[in-house]
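What follows draws every value from the coordinates through simple rules; no lab data is involved. Owing to the predicted nature of the structure, the values given are computational and were not obtained by experimental measurement. Heads up, the Cβs are rebuilt from the backbone with ideal geometry, glycines too, and the neighbour counts pull from every protein chain shown.
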Amino acid sequence: MRPEIAELQDAMERLGYIADPAITTALFLSREMRRPLLIEGDAGVGKTEIAKVLARLLETELIRLQCYEGLDVSTSLYEWNYQRQMLRLRIAEQDGGKTAEEIEDLIFGRSYLLERPLLRAITRREGPPVLLIDEIDRADDAFEAFLLEVLSDFQVTIPELGTIRAEHVPYVILTSNRTREIGDALRRRCLYLYIEHPSLDKEVRILRARVPEAGAVLAAEIGRFVQALRRRQLSKAPGVAETIDWAQALLHLHSAHLDRETVEQTLGCLLKDHHDLRELGPDALTADLADAVAAREETAAS
Amino acid sequence: MIPADLVHHLARFSRALREHGVAVSLSDEADGLEALTLVDVGDRDEVRRALSAALKIRPRDAAVFAELFALLWSSGAADPAAHRPPPPRVPDPLHGPSAPRRAPRPAAWPAGLVPAADVLPTGDEPGFSPEAVLRQKPFEELSAADLQAMERLLARLTLRLATRPSRRLVPTPGRGTIDLRRSFRKALAHGGEFLSLARRTRPIERARLVVLCDTSGSMDPYTRFLLTFVLALHRVARTSRSTEIFAFNTSLVRLTPSLRSLRPERIDLVLDKLAARVPDWSGGTRIGECLATFTHAYLDELVNGQTIVLILSDGLDRGDLTPLQGALRALQRRARRVLWLNPLAGDRRYEPTARAMAAALPYVDHLLPAHNLESLERLLPLLTA
């Protein structure tokens with residue numbers, strides 16, 4: 001393994017993100033090759049978190065663009081501050097003595113420009129920021145095509161101002177929940193990473209890092225229980241984010257280990273779907289709990 | 001510096017991936033090479049991870065990728081020449097040499113079913129129009145000439161397929177919300193006076209369509225017509241990405257990529273080519289397993305709140321019902337609407353008692369007949385909004 005990749009892994013772990021080599025290798029390559037990284041995976045596996053950790057790691061700003069259907073240039077790139085422009089125009093008229101060109105130069109200056117995330121990401125002067133384009137699958141094809149253009153050249157053209165080139169090429173991370181297939185062209189521009197639900201070992205380590213107040217025993221039990229849940233045919237398998245929420249909920253209830261009553265009360269932290277809750281009937285719950293608790297007995301015995 | 005043999009090796013590996021239906025482009029390969037220069041090529045796992053990221057391997061191709069990597073990527077990548085790629089062993093319905101080219105024949109024209117002349121209505125019936133007759137004629141009785149007439153009719157019908165408003169705002173000359181940016185631009189031309197306001201509105205957007213077409217033997221008389229209908233829909237859809245077509249019998253095949261590669265020509269020719277790509281055409285059915293395969297591999301990416309899922313099947317299946325119900329439930333939760341077109345439902349006496357059909361019914365928004373053109377016409381409003 002390249003020492004740099006191992007280093008990256010340690011550094012991320014110090015910041016509380018337990019990454020496996022697949023994640024660090026992709027992140028390392030994206031950083032070295034200066035290519036956007038497209039991360040796909042189920043909800044709650046820690047896609048967005050990667051961008052946050054990367055920003056902290058590089059000690060730079062995280063600029064986030066949350067995508068939604070109908071997202072367009074005026075909300076993602078720039079917009080003129082019309083109200084301010086109009087006021088300035090009226091004042092200039094009253095003062096008089098300015099030519100039309102002077103007025104135009106005035107109101108189409110940078111200070112009348114509202115920078116949206118994409119423009120801010122390429123005009124940041126203090127060094128390259130991390131640009132997180134979150135849930136790109138929620139935006140539509142048209143926006144994807146526009147984004148492709150920005151990500152290829154890192155420059156934008158504003159008719160009134162001219163072309164603005166990136167001061168520093170930002171580190172770009174795109175995430176997708178796969179509610180829509182991302183177009184081939186955009187995919188080609190990026191490096192690609194698919195994050196699976198973590199293994200038991202990794203999940204327990206994540207729990208220990210993120211919820212240190214939960215002891216080793218509770219963390220192992222929680223991990224086992226969640227892993228058993230994921231093996232069932234659920235329509236929304238709980239992600240790591242849910243596991244962490246649940247661990248915190250259990251701590252608030254002062255549970256040192258899993259017992260049936262507490263689990264039943266707090267199951268809503270893990271399963272957020274009526275059908276899934278029903279599907280996991282008493283029998284299944286008993287089986288999964290027994291599975292999780294077996295771990296405790298093993299740990300106690302050893 | 002990239003050793004030349006590494007370049008060769010990567011090229012060979014990429015070709016093997018392509019042969020197994022994993023889309024790897026030349027630019028992906030270039031990315032792969034660049035990535036290899038950045039990682040420790042002695043560490044096989046690291047090479048695998050790097051290539052997976054650089055070649056953009058999606059989860060559905062992950063298994064093929066892992067298998068080919070194990071086969072073709074020796075641990076000492078420095079000596080790849082020793083490794084001639086062994087014959088690929090991954091099963092692949094479209095390209096895999098392991099799947100014997102059985103030359104599946106498309107469903108033949110129901111040749112003996114050309115209607116006798118005396119069945120055809122004569123011109124002096126009130127309100128007669130050949131089109132009206134065509135609309136009500138059961139598919140089994142259509143002739144090749146009818147099919148062409150039907151294609152034209154379908155093309156016209158499907159043009160009416162307009163649907164719900166989009167969320168994106170576009171300029172409009174009519175009513176809508178005020179577009180400040182353009183209003184301001186226009187005002188500048190008149191010395192800052194807003195003589196008129198520019199407006200934006202939400203345009204009408206077509207639904208995305210996912211079609212799952214049963215090509216088993218019992219569907220033979222209908223398959224061609226239903227697929228003709230679907231292809232006509234595909235033609236009028238604004239972008240090629242808005243319609244996805246799958247065929248299933250004992251296994252599931254995604255037809256959309258084949259559609260894109262075919263030049264626009266007569267629909268019946270396209271159909272022949274498509275049929276040639278579906279293994280086991282006119283064979284048995286395993287609806288449940290096929291739908292489960294679909295939900296597993298494609299549901300996330302192809303079905304969302306704007307998608308209408310169209311299942312064309314007679315529901316004659318003797319398999320296990322659990323996967324069918326699970327798959328339909330997943331579909332219904334995610335799609336805007338799930339429609340099941342059943343040619344048998346055209347008969348007034350039809351009751352959905354076939355086991356699979358009965359099991360599917362609670363998860364289907366509409367069960368519709370699909371035995372003649374009129375029934376398909378009734379379907380059109382459901383494909384909108």
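Straight-distance candidates among the lysines for linking to A:K98, with alpha-carbon spacing under 23 Å and chain neighbours fewer than 8 residues away dropped: B:K186.
So if we plug the beta-carbon distance of A:E13 and A:E160 into 1/(1 + (r/R0)^6) with R0 = 60 Å, what FRET efficiency do we get, rounded to 0.05? Before the final figure, lay out each step's value.
Working: r = 48 Å, r/R0 = 0.79.
The value I calculate is 0.80.
Compute the signed sum of charges (Lys and Arg +1, Asp and Glu -1) over the other residues within less than 11 Å, Cβ to Cβ, of B:S218. Present the calculation step by step, with values, prior to reporting the outcome.
Details: positive: none; negative: B:D214, B:D220, B:D314, B:D317.
Around B:S218, the charge tally is -4.
Taking 14 Å as the straight-line reach from the Cα of A:K52, the aspartates and glutamates in range (excluding those fewer than 8 positions away in the same chain) are A:E13, A:E61, A:D134.
Once you have the Cα-Cα distance between B:A66 and B:D40, take 0.36 nm times their residue separation minus that, and quote the gain in nm to one decimal. It would help to have the intermediate numbers written out before the result.
On the way: separation 26, 0.36 × 26 = 9.36 nm, distance 1.87 nm.
Gain on extension, B:A66 to B:D40, equals 7.5 nm.
With bins 20 Å wide beginning at 0, the percent of Cα pairs of chain A falling in each bin runs 28, 45, 22, 5, 0.
Please compute the average number of Cβ atoms from other chains found within 10 Å of each residue's Cβ in peptide B:37-50. List each step's numbers first, then the result.
Working: counts 2, 9, 8, 5, 1, 1, 5, 0, 4, 8, 1, 3, 12, 8.
Neighbouring Cβ atoms belonging to other protein chains average 5 per residue here.
Of all lysines in the structure, those lying under 18 Å Cα to Cα from B:K56, and not within fewer than 8 positions of it along the same chain, are A:K47.
Only Cα sites of region A:57-148 enter the Debye sum here, all with the same form factor; the resulting log10 I(q)/I(0) across q = 0.12, 0.18, 0.19 1/Å is -0.53, -0.85, -0.90, listed in q order. On the beta carbon distance between B:T322 and B:Y350, with R0 = 25 Å, the FRET formula returns roughly 0.50. Within the shell defined by Cβ-Cβ distances under 15 Å, the residues around A:G109 carry a net charge of -3, with Lys and Arg each +1 and Asp and Glu each -1. How much FRET efficiency would the formula 1/(1 + (r/R0)^6) give for A:D105 and A:N81, where r is the Cβ-Cβ distance and R0 is 22 Å, rounded to 0.05? Computed FRET efficiency for A:D105 and A:N81: 0.90. Each other residue within a Cβ distance under 15 Å of A:V211 adds +1 if Lys or Arg and -1 if Asp or Glu, for a net charge of -2.
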